[in-house]
1. If you check every pair at least six apart or on different chains, which have Cβ atoms under 7 Å apart with a residue in segment 15-34 that is in a strand (DSSP E or B) first and a residue that is surrounded by 10 or more Cβ atoms within 10 Å (Cβ to Cβ) and polar (S, T, N, Q) second?
2. Mind checking whether some residue in segment 53-70 is at pLDDT below 90, surrounded by 11 or more Cβ atoms within 10 Å (Cβ to Cβ) and of a type outside the set (A, V, I, L, M)?
3. Every residue in segment 23-76 that is of a type in the set (A, V, I, L, M) and either over 20 Å from Lys7 (Cα atoms) or more than 14 Å from the chain's Cα centre (by Cα) (or both), please.
4. Please give the number of the condition Lys47 fails out of (1) out of contact with any Gly (no Cβ under 9 Å at 6 or more places or on another chain); (2) free of Cβ contacts under 8 Å to residues at least 40 places away in the same chain.
5. Can you pull out the residues in segment 32-62 that are in contact with a Phe, Trp or Tyr (Cβ under 9 Å, 6 or more places away or on another chain) and under 17 Å from Asp14 (Cα atoms)?
Amino acid sequence: MKLMLSKSFVRGKDTESHEMLRQGYTHAIIMTFNNKEDYEACVSHPKEVEFAAIFVTVVEKILVLNFPAVCVKASS
């Protein structure tokens, strides 16, 4: 399944943090959307709802953060 609503999708495994900082979390998935409407369309899409229902049954621990991204550019 591939929904074309996300601007970017990256994933990775934490191999650098000390266990006390990671608190049991081992992987991260970061999705970026162009706007709130694209995000809402993605999470409410029937295929995404179906995938999420399966995904949560195979992970031991999950943390979901939804927030508007703010780009910060270092001053020159």
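The values are calculated or read from the model by the stated rules, or taken from the named source; none is laboratory data. Given the structure is predicted, the values throughout are model-derived calculations rather than measurements. Backbone-built Cβ (ideal geometry, glycine too); neighbour counts: all protein chains shown.
1. Met31/Ser6; Thr32/Ser6; Phe33/Ser6
2. Taking every residue of segment 53-70 in turn, at least one turns out to be at pLDDT below 90, surrounded by 11 or more Cβ atoms within 10 Å (Cβ to Cβ) and of a type outside the set (A, V, I, L, M).
3. Result: Ala41, Val49, Ala53, Ile54, Val56, Val58, Val59, Ile62, Leu63, Val70, Val72, Ala74.
4. Of everything listed in (1) out of contact with any Gly (no Cβ under 9 Å at 6 or more places or on another chain); (2) free of Cβ contacts under 8 Å to residues at least 40 places away in the same chain, Lys47 misses just condition (2).
5. Across segment 32-62, the qualifying residues are Lys61, Ile62.
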